[in-house]
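Following: one structure in structure tokens, then a few remarks.
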Amino acid sequence: MKIQRQNLGEIIRQIVTDKGLSDAMFAKMIGMQRQNVKKMVFEKRSLDTELLCTISEVLECNIFDYFKSNTDDDTKKTELRATLSIEMGQEKQNKTIRFVFGENDIEILNT
């Protein structure tokens with residue numbers, strides 16, 4: 001499996017810019033001096049995972065999602081599980097409930 005490498009510093013700088021944060025404000029949010037943010041974050045291709053977690057929390061964006069595999073595994077469908085609870089009241093009526101998940105239709109007949 002080959003992992004696609006990303007320049008995390010550039011990605012983070014773009015997110016900070018898109019969110020309209022100044023370097024000083026961002027630095028304060030992650031507990032770093034403003035003058036260190038450029039050298040220790042924006043110019044780094046890789047970052048310590050603890051710092052990356054802090055940045056993800058502050059920016060409300062999971063930076064770890066930027067890593068992905070270059071294999072065919074990406075095309076595999078993921079399983080979706082959901083629980084639905086419907087209260088119909090004392091007068092239960094026959095109802096048809098239809099769910100659509102992507103290309104899949106599911107019908108539940110209440111008899």
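For (1) open to solvent by 80 Å² or more (accessible area, probe 1.4 Å); (2) modelled with pLDDT of 60 or more; (3) not in a loop (DSSP other than H, G, I, E, B), each residue gets a yes or a no:
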{"position": "40", "(1), (2), (3)": "yes, yes, yes"}
{"position": "47", "(1), (2), (3)": "no, yes, no"}
{"position": "86", "(1), (2), (3)": "yes, no, no"}
{"position": "91", "(1), (2), (3)": "yes, yes, no"}
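So how many residues does region 23-35 have that are over 21 Å from the mean Cα position of the chain (by Cα) and surrounded by 12 or more Cβ atoms within 10 Å (Cβ to Cβ)?
To start, the set of residues in region 23-35 that are over 21 Å from the mean Cα position of the chain (by Cα) comprises 23-25, 27-28, 31-35.
Going one step further and asking which of them are surrounded by 12 or more Cβ atoms within 10 Å (Cβ to Cβ), we end up with 23-25, 27-28, 32, 34.
Total meeting the criteria: 7.
Please find, within region 1-22, the residue that is farthest from the chain's Cα centre (by Cα) out of those that are aliphatic (A, V, I, L, M) and under 16 Å from residue 63 (Cβ atoms).
21
Tell me, please, whether a residue that is surrounded by fewer than 16 Cβ atoms within 10 Å (Cβ to Cβ) and of a type in the set (Gly, Ala, Ser) can be found in region 9-20.
yes
The values are calculated or read from the model by the stated rules, or taken from the named source; none is laboratory data. Remember, it's a predicted structure, so these values are computed and weren't measured experimentally. Here the Cβ is made from the backbone with ideal geometry for all residues, glycine too, and neighbour counts use every protein chain on show. The area values use the complete protein model at the heavy-atom level, side chains included, leaving out ligands, DNA and RNA. Shrake-Rupley method; radii C 1.70, N 1.55, O 1.52, S 1.80 Å.
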